[in-house]
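Read through the structure below, which is laid out as structure tokens, and then see the notes.
What follows is calculated from the coordinates using simple rules that are stated; it is not laboratory data. Quick caveat: nothing in here was measured; it's all calculated off a predicted structure. Because the Cβ atoms are built from the backbone with ideal geometry, glycine has one as well, and the counts that use them run over all protein chains shown.
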Amino acid sequence: MNDANKKYKTRASYHAVSKPKQMSFLPEPDFNPKLPAKNTLASRALQMMLNGRKISHPDFEDSTSSWRLAAHIFNLNKLGWKVQTLEVKHCVTKKPKNRRICRYFLSSDVIKKIKKINGGGAACVTN
């Protein structure tokens, strides 16, 4: 990695920002993720990300009172949603003071595809 890329702690956090794409001779699979069950925490996390937010555990806990964001992101990935992960520093008052947490988000391509499916409207999902 060059000097400009040293600020990223892991390869995954670097790739989440730089978005490298591997060339393929095979056609890309159809975009066909399944929706999570209605009125679940997974559907709330998905809606937050479709609104363009990068959500972290503290953000999700503040809005839902749930400690299980990573589990819901795992379920969304199993349903076919390509959730991106970015590691960031998170400062707290307890030791260790500098911690790394993940921010989860959907790429702009995914959000555009959902808007296109919804006829150019808002990127919302309904069951």
Flag for P29 being part of a loop (DSSP other than H, G, I, E, B), under 18 Å from I111 (Cα atoms) and out of contact with any helix residue (DSSP H, G or I) (no Cβ under 8 Å at 6 or more places or on another chain): yes
Of the criteria (1) within 21 Å of M48 (Cβ to Cβ); (2) loosely packed, with under 12 Cβ neighbours inside 10 Å, which one T93 fails: (1)
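Considering only segment 43-60, I want to know if a residue exists there that is among the charged types (D, E, K, R) and loosely packed, with under 13 Cβ neighbours inside 10 Å. Step through it out loud before you land on a result.
Step one: filter segment 43-60 for residues among the charged types (D, E, K, R), giving 44, 53-54, 59.
Pick out the ones that are also loosely packed, with under 13 Cβ neighbours inside 10 Å and you get none.
Scanning segment 43-60, I find no residue that is among the charged types (D, E, K, R) and loosely packed, with under 13 Cβ neighbours inside 10 Å, so the answer is no.
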Could you give me the residue pairs with C-beta distances under 7 Å whose first residue belongs to segment 81-102 and is part of a loop (DSSP other than H, G, I, E, B), whose second residue is surrounded by fewer than 13 Cβ atoms within 10 Å (Cβ to Cβ) wherever it lies, and which are 6+ apart or on separate chains? V92/R99; K97/C91
